[in-house]
Amino acid sequence: MISQKEYTKRRKKFAKKLEDNSVAVLYSAKYKTRSNDTEYPFRQESNFYYLSGFREDNAALVFVKSKGSAKTILFVQKKDETLELWSGKRVGEIQAKTIFDVDEVYTSDMFEQKILELLKGKNMLYFDFASKDERINNLKDKAKAIVSHKDIMSLIGYMRLIKSPSEIMMIQDALEITKKAHHEVMKLKKTGKKEYELQAEIEYIFKKNGAYSDAYTSIVACANAANTLHYIENVASLVEGELILIDAGCELEYYASDITRTIPVNGKFSQAQKELYEMVLDVECEVIKMVKPGVKRSALQAKAVKLLCKGMLKLGILKGSLENNIKKEKYKKYYPHGIGHWMGLDVHDQCPYKYENGDEIPLMSGMVLTIEPGIYIDKDDKKVPKKYRGIGIRIEDDILVTKDGHQNLSQGIVKSVKEIQRLKLSNNS
Ligand code: GLY
Ligand code: MN
Ligand code: MN
């Protein structure tokens, strides 16, 4: 768990970055309609959560900075017996003041009036430029006198890039659960089952172990379906002799995990599958080895491209010279995505990749990123040796950058051909 002390520390750090005579506003998430009057499960907005730890909707966090010091104000929903009977208990303003170490707490129905008072005489308004929330336009209308606006993300994004020890522990805990889920499906008898049955097993294990949700919609893609990068239908049958690409990770207490394993339906890799799989695995291990402070993500991508091209040339998937394949981006047909992304409160953590001057941000101790090379060969691609057609492979781990190098936080999730086959054999049911 993240302590209230840590949220206070984050707010102090954030407030320090604000200009004098400014107001910063962060809104909670809103319920989203699924259909008619049913809603998707509520998930708090990550930046609001990062600075508040508050999990209810219809809330806002406001910073008022003047004369070098900052005041923090939380707006929360009013207690309401009838509404709470239908939608669950609310913390309410009195308890919120005790739990959350902010300077002032008001009920959300006071926001419109209060914000006008708070904005008076201020020069700068900070909010989330990327937000599509209509409350932002409303706020901008109210703050018409303030001509300068700044994006909150340029401040929080940098903070979120470097994970604290407790955030790293949360990610590790999430990965422990994700490990159980991946190992369990490796062991299962799968032939004849549907992809969604594996998805159900995985998500059952997430929930059973305390992870309320997945961090993103699980991908369970058998055979050629693995070549659709965002395949989430998960409706096909698991066919004997084919591979299944499983990209699934739980979210625990708001922290993500993001793991892909590609495993044989019957527990044993064919020779062709093994050749492709071990090529991708070698690339993944080589790129992970490079992770250390100072290295740039673009260097990791370049290494992945070079090694994948070499591998594809060796297997006869690409033809010609290494230089030409790289220069002409011939590999993109088979490896179209990036080597990885920041991960934390969001699976694709909303943190910058570049400084404001456009320079790339190098890896630093405390960052968490995925490394996820892949190769995707369509079943109808006549340019590729027949034995490789219809195979899609991705291997993805979550890596912490440490002072001296890195720690593979998902090291315990098996991935060698031998280990995957052995795990299946250990439970031959
Ligand atoms: N699961 C999403 C991704 O790997 O980026
Ligand atoms: Mn990923
Ligand atoms: Mn993934």
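The values are calculated or read from the model by the stated rules, or taken from the named source; none is laboratory data. Everything numeric here is computed off the predicted structure, so don't read it as measured data. No Cβ is skipped: glycine too gets one built from the backbone with ideal geometry, and neighbour counts run over all protein chains shown. To get the accessible areas, we keep the full protein, side chains included, count just its heavy atoms, and leave off ligands, DNA and RNA. Shrake-Rupley method; radii C 1.70, N 1.55, O 1.52, S 1.80 Å.
Counted without the sites themselves, the longest stretch of the chain free of chymotrypsin sites (Phe, Trp or Tyr not before Pro) in a DSSP loop having at most 14 other beta carbon atoms within 10 Å is 213-352. Once the Cβ-Cβ distance of Arg422 and Phe42 is raised to the sixth power relative to R0 = 51 Å, the FRET efficiency obtained is 0.75.
When the range 120-279 is described by a simple charge dipole with +1 on each Lys and Arg Cβ and -1 on each Asp and Glu Cβ, the residue from Ile162, Ala248, Ser148 located farthest towards its positive end is Ser148.
When the chain is treated as a GNM, springs tying every alpha-carbon pair under 10 Å, which of Cys222, Cys285, Cys351 comes out with the largest mean-square fluctuation? In this elastic network of the chain, the residue with the biggest mean-square fluctuation among Cys222, Cys285, Cys351 is Cys285. Among beta bridges identified by DSSP and lying wholly in the chain, the antiparallel ones come to about 80 percent. Label zone (Ser154, point 7 Å along Cα-to-C-beta; backbone nitrogen cut-off 17 Å) within the range 344-373: 351-361. Counting only DSSP H runs of at least 4 residues, each contributing -39500 (n - 2.57), and dividing by the residue count of the chain, the helix-based mean residue ellipticity at 222 nm comes to -11000 deg cm²/dmol. Computed across the chain, the Kirkwood radius stands at 23.7 Å (inverse of mean 1/r, all Cα pairs). Relative to the globular-protein estimate of 2.2 N^0.38 Å, the Cα radius of gyration of the range 105-251 stands at 1.57. When Leu155, Leu300 are compared by accessible area of protein heavy atoms, the largest-first order is Leu155, Leu300, using a 1.4 Å probe. Based on Cα contacts under 8 Å between residues 6+ apart, the range 26-71 shows a relative contact order of 39 percent.
If you take the charge dipole of the range 177-223 about its Cα centre, with +1 on Lys and Arg Cβ and -1 on Asp and Glu Cβ, which of Ala200, Ala221, His183 is farthest toward its positive end? Farthest along the dipole direction, towards plus: His183. Label zone of Asp80 (point 7 Å out along Cα→Cβ, amide N under 14 Å): in the range 24-52 this covers 31. Using the Karplus relation 6.51 cos²θ - 1.76 cosθ + 1.60 with θ = phi - 60°, the per-residue 3J(HN,Hα) values for the range 215-229 come to 7, 5, 5, 5, 9, 10, 10, 8, 6, 5, 4, 5, 7, 9, 4 Hz, with x marking Gly and Pro.
Charged side chains reduced to their Cβ positions (Lys and Arg at +1, Asp and Glu at -1) give the range 46-99 a dipole of some 360 debye around its Cα centre. Computed from the alpha carbon atoms alone, the convex hull of the range 234-392 holds 143 Å³ per residue. For the range 1-104, GluC sites (Glu not before Pro) meeting the loop criterion (DSSP other than H, G, I, E, B) and having at most 15 other Cβ atoms within 10 Å: Glu19. Taken one residue at a time, the phi angles of the range 67-75 give Karplus couplings (6.51, -1.76, 1.60, θ = phi - 60°) of 6, x, 10, 10, 10, 10, 10, 10, 9 Hz. Gly and Pro are set to x.
For the range 172-215, the calculated P(r) over all alpha carbon pairs, in 10 Å bins from 0 to the bin holding the longest distance, is 29, 54, 16, 1 percent. Pairwise Cα distances in the range 26-185 exceed 21 Å for 56 percent of all pairs.
The distance linking the range 88-162 with the range 329-406 is 35 Å (Cα centroid to Cα centroid, whole angstrom).
Restricting the trypsin sites (Lys or Arg not before Pro) of the range 231-299 to loop positions (DSSP other than H, G, I, E, B) with no more than 16 neighbouring Cβ atoms within 10 Å leaves Lys268, Lys296. Just to confirm the filter: which trypsin sites (Lys or Arg not before Pro) across the range 375-409 are DSSP coil and have at most 15 other Cβ within 10 angstrom of their Cβ? Those satisfying the criteria are Lys379, Lys382, Lys383, Lys403. Amide H contacts of Asp378 (H built 1.01 Å from N, in plane; Pro and chain starts excluded): Gly390 sit under 5 Å, all sequence-distant by 5 or more or on other chains.
Charged side chains reduced to their Cβ positions (Lys and Arg at +1, Asp and Glu at -1) give the range 269-422 a dipole of some 960 debye around its Cα centre. Each residue of the range 276-288 was assigned a 3J(HN,Hα) from its phi angle through the Karplus expression (A = 6.51, B = -1.76, C = 1.60, θ = phi - 60°), giving 5, 4, 5, 5, 5, 5, 4, 4, 4, 5, 5, 5, 4 Hz with x at Gly and Pro.
Charges were assigned to the Cβ only: +1 to each Lys and Arg, -1 to each Asp and Glu. The resulting dipole of the chain about its Cα centre is roughly 1260 debye.
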